[in-house]
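The values are calculated or read from the model by the stated rules, or taken from the named source; none is laboratory data. Note that the structure is a prediction, hence the values are computed from the model and not measured. Virtual Cβ from ideal backbone geometry, glycine too; neighbours counted across all protein chains shown.
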Amino acid sequence: MAYRWTNDLTTKDITPEHLYLNRRQIMTGLAAGAVAGGLASPAIAQDELTPNDYDDITNYCNFYEFGTGKGDPAKHAHQLTTSPWSIEIDGLVDRPGTYSLEQILSEMTIEKRIYRFRCVEAWSMVVPWNGFELADLLDMVGVQTGAKYVGFETALRPDEMPGLRYPVLEWPYVEGLRIDEARHPLTMMATGIYDKPLLGQNGAPLRLVVPWKYGFKSIKSIVRITLTDREPKASWNQANAREYGFYSNVNPQVDHPRWSQSTERRIGGGLFQRRQPTLMFNGYDEVAGLYEGMDLSESF
Amino acid sequence: MTIAHKINGLQRYVPVWSVYVMSVIPGALFLWAGITGSSGPEPINVLERSLGEFALQMLILGLAVTPLRIWAGISLHKYRRAIGLVAFGYVFLHLLVWLVLDVGILSQIWADIVKRPYITVGMVAFLLMVPLAITSNNWSIRRLRRTWKLVHKMTYGVALLGGLHFVMLSKGFQLEPLMYLGTVFGLLILRLPPLQYRQVQRN
């Protein structure tokens, strides 16, 4: 069942292509003008949910399998073979098996959703995603009653992913959600951005998007989904449990041990963009019920 | 004529003041990239990091002067003060970008300095550099005599803290910051008296 969640904005609010492609140039011009004119800062007011430029979204990425620099994924991800693509769905499901992407997409309804995206590094974007609800995919394979968690795994292709040469994290990248989080109507599997198919650097051909959690939870280029009865491994949590909790909900009150999470900088505003306050659950208050009775500073 | 001789000979044509003039170039390029947007959609972070990294490179170059003379016969002694002052200048700009463009919120700045170990470490390194920069002149050397040498050994600590600052702020296991810290360690080990003594004997 698609369309269980809608934001106030509709597709017509998505910036037309000729504008989003040009915004950077326009802003660059403004910034250069402001500096030349001796002004302190250019007045670029970003509307709350004005999507970022396609250029920014596809060039400023964290996808360590392609390198740790923000520009590395855009440089190397074209090497990733995304067709054919299949996803192994196993564990506590009624119909386990290897599903081809076409097979899955033929049963899903693709919709557009404009979500805030907040990175654990304290920057953020607004992304107009295309995709379907994860709940629909889970229904397709039939989740058994004992399943309490969903585990995800990214492709592991040393020949196509130069970043795998370095032990930055334990490969392959894995992530997980509690089943009620996975079933929440906000949780989606993305297949595109700005109505274009996902590029490798953004997690082609299929990735998770959980907008109330830090970006690293939204695992990219998924090849395996496993339903389990115990908490699955999550890469950053494995690497450093003190800094990255299993839940990793966006929470301005719980700082990363090494930096504050109370503010964030929206990407794309140039040299004089100010920080803005970070919102609880990244502004998606409708998920608060999932965590009722939990101490979110303990289960961070 | 060996390479070392050639380099030493070239120094006659490269006055110290030209180091100061040239030192403006990287900073201007970093800033220009940020203004024009060619450094990407998050220019503040890139500017902050480029300035910090260049400062660390200058600190390392400063530390390399003595080992280069002992082990390779290359004498860059004449430029050492300039290198150190340029490093200080870039650390200062790095700090300024963090204060004004990056954080920009007074309460958060103070909280970060106190609560975030990597920022505390960076801040301490900067504060240790202040007396070094102030006393980087002939008058101070004459006035302080032996104390001057002792005080300026603090450069070792500053470079170690700078390298540590970079390692501490990285996510996951990353090679680049570790290479900087390793280089600093290496250059300090080359200064250990037994190593230096043996090399001087051999010469």
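When region B:19-57 is examined, which residues are found to be small (Gly, Ala, Ser), within 27 Å of A:Cys61 (Cβ to Cβ) and either in a helix (DSSP H, G or I) or touching a strand residue (DSSP E or B) at 6+ places or on another chain (Cβ under 7 Å) (or both)?
Within region B:19-57, B:Ala33, B:Gly34, B:Ser50, B:Gly52 qualify.
Can you run down the residue pairs with Cβ atoms below 6 Å, 6 or more apart or on separate chains, where the first is in region A:120-145 and part of a strand (DSSP E or B) and the partner is among the polar types (S, T, N, Q) and crowded, with 20+ Cβ neighbours inside 10 Å?
These pairs meet every condition: A:Met125/A:Asn52; A:Val126/A:Asn52; A:Asn130/A:Thr191; A:Gly131/A:Thr191.
Does B:Leu195 meet the test of being among the aliphatic types (A, V, I, L, M), in a helix (DSSP H, G or I) and at pLDDT 95 or above?
Answer is no for this residue.
Please indicate, with yes or no, whether at least one residue in region B:68-75 is within 14 Å of chain A (Cβ to nearest Cβ), among the aromatic types (Phe, Trp, Tyr) and surrounded by fewer than 20 Cβ atoms within 10 Å (Cβ to Cβ).
No - not one qualifying residue is present in region B:68-75.
If I ask for residues that are outside any loop (DSSP other than H, G, I, E, B) and within 14 Å of another protein chain (Cβ to nearest Cβ), which ones from region A:67-90 would you list?
Passing the criteria: A:Asp72, A:Pro73, A:Ala74, A:Lys75.
Being touching an Asp or Glu at 6+ places or on another chain (Cβ under 6 Å) and either part of a strand (DSSP E or B) or under 23 Å from A:Leu177 (Cβ atoms) (or both): is that true of A:Leu290 here?
Spelling it out, A:Leu290 is indeed touching an Asp or Glu at 6+ places or on another chain (Cβ under 6 Å) and either part of a strand (DSSP E or B) or under 23 Å from A:Leu177 (Cβ atoms) (or both).
Would you please name the residue that is nearest to B:Pro117 (Cα to Cα), looking only at residues in region A:267-291 that are charged (D, E, K, R) and modelled with pLDDT under 95?
Looking at the filtered set, the residue picked out is A:Arg275.
Restricting attention to region A:259-273, does a residue exist that is polar (S, T, N, Q), within 14 Å of chain B (Cβ to nearest Cβ) and closer than 28 Å to A:Thr145 by Cβ?
So far as region A:259-273 goes, no, none of its residues is polar (S, T, N, Q), within 14 Å of chain B (Cβ to nearest Cβ) and closer than 28 Å to A:Thr145 by Cβ.
Residues in region B:115-123: is at least one assigned to a helix (DSSP H, G or I), more than 14 Å from chain A (Cβ to nearest Cβ) and in contact (Cβ under 8 Å) with a residue 40 or more places away in the chain?
The answer is no; no qualifying residue exists.
Of the numbered conditions (1) of a type outside the set (Val, Ile, Thr); (2) away from chain B (no Cβ under 14 Å); (3) within 22 Å of A:Pro185 (Cα to Cα), A:Cys119 satisfies every one except a single condition; which is it?
Against the list (1) of a type outside the set (Val, Ile, Thr); (2) away from chain B (no Cβ under 14 Å); (3) within 22 Å of A:Pro185 (Cα to Cα), A:Cys119 comes up short only on (2).
Can you name the residue in region A:68-84 that is at pLDDT below 95 and in contact with a Gly (Cβ under 9 Å, 6 or more places away or on another chain) and, of all such residues, is surrounded by the fewest Cβ atoms within 10 Å (Cβ to Cβ)?
A:Gly71
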